[in-house]
1. What do you reckon, is residue 142 touching a helix residue (DSSP H, G or I) at 6+ places or on another chain (Cβ under 6 Å), in a loop (DSSP other than H, G, I, E, B) and crowded, with 22+ Cβ neighbours inside 10 Å?
2. Report whether or not residue 473 is touching a residue at least 40 places away in the same chain (Cβ under 8 Å), exposed (fewer than 13 other Cβ atoms within 10 Å of the Cβ), in a loop (DSSP other than H, G, I, E, B) and over 30 Å from the mean Cα position of the chain (by Cα).
3. Considering only the stretch 178-200, how many residues are touching a residue at least 24 places away in the same chain (Cβ under 8 Å) and assigned to a loop (DSSP other than H, G, I, E, B)?
4. Can you tell me which residue is nearest to residue 237 (Cα to Cα) among those in the stretch 337-354 that are surrounded by 24 or more Cβ atoms within 10 Å (Cβ to Cβ) and out of contact with any strand residue (DSSP E or B) (no Cβ under 8 Å at 6 or more places or on another chain)?
5. Among the residues that make up the stretch 404-414, is at least one of them out of contact with any strand residue (DSSP E or B) (no Cβ under 7 Å at 6 or more places or on another chain), outside any loop (DSSP other than H, G, I, E, B) and surrounded by fewer than 20 Cβ atoms within 10 Å (Cβ to Cβ)?
6. Identify all residues within the stretch 288-329 that are farther than 18 Å from residue 267 by Cβ, in contact with a strand residue (DSSP E or B) (Cβ under 9 Å, 6 or more places away or on another chain) and modelled with pLDDT under 95; write none if there are none.
7. Take the residues of the stretch 496-507 that are surrounded by fewer than 18 Cβ atoms within 10 Å (Cβ to Cβ) and without any contact (Cβ under 8 Å) to a residue 60 or more places away in the chain: which is nearest to residue 556 (Cα to Cα)?
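The values are calculated or read from the model by the stated rules, or taken from the named source; none is laboratory data. For clarity, every value in this text was computed on a predicted model and none was experimentally measured. Here the Cβ positions follow ideal geometry from the backbone for every residue, glycine too, while neighbour counts run over all protein chains shown.
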């Protein structure tokens with residue numbers, strides 16, 4: 001039987017196409033404006049596609065009509081401008097909308113043209129994209145008025161309906177090692193609607209929860225990155241493929257990260273001022289969080305594993321390798337990525353999960369009563385020639401610790417308890433400005449979201465708290481520590497700023513993140529009572545009637561730090 005043909009727009013590395021190929025489709029072309037993506041697509045699908053800007057199709061009906069007619073059209077418009085993580089969700093969305101509507105314009109022509117052979121189309125994007133797209137597009141909306149008139153179609157007719165033909169799916173429901181939520185829009189043409197695949201993960205009768213593939217399961221099935229060179233046979237964690245270990249590319253290299261990087265990530269994951277707590281390192285009993293297009297070690301979104309080799313500090317934790325990320329995205333271990341490490345990571349992170357695209361490819365076969373292949377069509381052997389392999393089997397030298405930019409902003413709190421945080425910062429958090437004198441600040445934040453009250457605390461205020469703290473168990477011990485040795489390690493405002501930028505302490509003074517972390521460690525060590533107390537003698541926290549005991553201790557220490565730094 002003749003294979004159904006697929007054309008892929010914004011093809012990237014080819015994750016969307018890979019799922020369709022696995023179900024027996026013929027991938028005839030992929031369009032992308034980024035050269036490493038086109039080269040990777042060509043390498044894995046044995047094609048000769050050329051770099052092309054999809055916006056070229058916006059102003060030319062002829063270019064669209066000259067495209068090969070295929071039974072399937074797929075596309076994954078770049079999600080960067082739509083992503084809520086890009087500039088905290090404040091990025092310009094116009095380019096994302098323009099690219100998406102250009103794709104829909106292509107689909108509209110191929111769907112409504114005379115003697116159309118289109119059987120289905122699918123589009124993938126981030127969940128946030130729904131907010132910026134219309135629920136339906138007329139031919140006029142897509143710049144197809146002249147084309148519609150030529151084909152005796154009213155320009156005001158609906159060309160593409162997204163309202164009921166879009167759904168949010170989780171890749172973990174379709175056999176992925178990753179819980180990646182995305183919007184899938186599309187249509188089975190003969191049904192006139194999107195039909196969702198049945199989730200593979202049914203609920204477990206014991207606890208009512210779905211069974212998902214986990215990070216740990218993935219890591220069990222491939223050797224860790226510090227494994228020595230070997231010619232033993234290894235098996236793909238997801239596919240019936242076995243290759244020699246020395247044929248596994250982009251995996252046997254050191255992704256260890258500096259202590260200052262993982263400590264920063266750890267803090268923002270487990271102690272963020274107004275966002276929920278995350279696991280550090282990753283919880284390997286669960287699916288991975290979303291693989292992103294940027295490989296970064298010092299953010300809340302960083303995916304961080306405990307290293308398989310014994311290290312303390314630098315290298316104690318590591319990032320996933322490109323191969324691990326690719327497996328999490330559903331690529332077979334034979335799939336290759338062209339370019340340097342950052343390009344490879346971007347190719348992987350921007351892809352569509354292969355398990356998701358495979359599930360939708362299967363839906364088309366079922367709806368058109370086309371036989372489903374007995375086995376998946378996969379490249380059984382890696383095509384390594386011409387590929388830059390990241391494997392080097394070497395340990396990383398941690399001899400160039402990253403530094404902060406000059407005048408970088410600092411904000412850190414010791415604990416988050418009772419919806420409160422007591423914060424040390426080198427700028428006025430409420431006004432979002434730094435003082436000309438380089439002053440450091442103590443402030444209290446009331447709540448876990450933006451818009452909650454902020455109370456500024458003047459220097460020397462900690463003296464008012466000494467008698468209160470002495471009343472609590474562990475209070476005298478706490479004061480003894482703070483006032484004997486701890487305070488002497490605090491430099492002035494300029495010294496604190498300098499150490500923060502260098503991200504290291506000296507023999508004389510302690511770097512500010514370590515100072516605040518030591519306050520957290522001390523409070524934990526004292527095993528203070530986990531109770532809230534009424535403010536009777538002194539109304540310290542103005543916007544709370546009852547306050548956790550720990551916060552009085554935190555306020556004392558943080559305020560003493562800023563007081564000393566400011567020379568008071």
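1. yes
2. yes
3. 11
4. Looking only at the stretch 337-354, we keep the residues that are surrounded by 24 or more Cβ atoms within 10 Å (Cβ to Cβ), and these are 337, 344-345, 347-348, 351-354.
Filter again for out of contact with any strand residue (DSSP E or B) (no Cβ under 8 Å at 6 or more places or on another chain), leaving 337, 344-345, 347-348, 351, 354.
On the way: 337: 19, 344: 20, 345: 20, 347: 20, 348: 17, 351: 19, 354: 14 Å.
Residue satisfying both the conditions and the ranking: 354.
5. No, because not a single residue in the stretch 404-414 is out of contact with any strand residue (DSSP E or B) (no Cβ under 7 Å at 6 or more places or on another chain), outside any loop (DSSP other than H, G, I, E, B) and surrounded by fewer than 20 Cβ atoms within 10 Å (Cβ to Cβ).
6. Answer for the stretch 288-329, where residues must be farther than 18 Å from residue 267 by Cβ, in contact with a strand residue (DSSP E or B) (Cβ under 9 Å, 6 or more places away or on another chain) and modelled with pLDDT under 95: 290, 291.
7. Step one: list which residues in the stretch 496-507 are surrounded by fewer than 18 Cβ atoms within 10 Å (Cβ to Cβ), which gives 498, 501-502, 504-507.
Those left that are additionally without any contact (Cβ under 8 Å) to a residue 60 or more places away in the chain: 498, 505-507.
Details: 498: 24, 505: 22, 506: 24, 507: 25 Å.
Once the filter is applied, the top-ranked residue is 505.
Here's the yes/no breakdown for (1) within 26 Å of the chain's Cα centre (by Cα); (2) surrounded by fewer than 16 Cβ atoms within 10 Å (Cβ to Cβ); (3) at pLDDT 95 or above:
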| position | (1), (2), (3) |
| --- | --- |
| 359 | yes, no, yes |
| 367 | no, yes, yes |
| 420 | no, no, no |
| 427 | no, no, yes |
| 433 | no, yes, no |
| 439 | no, no, yes |
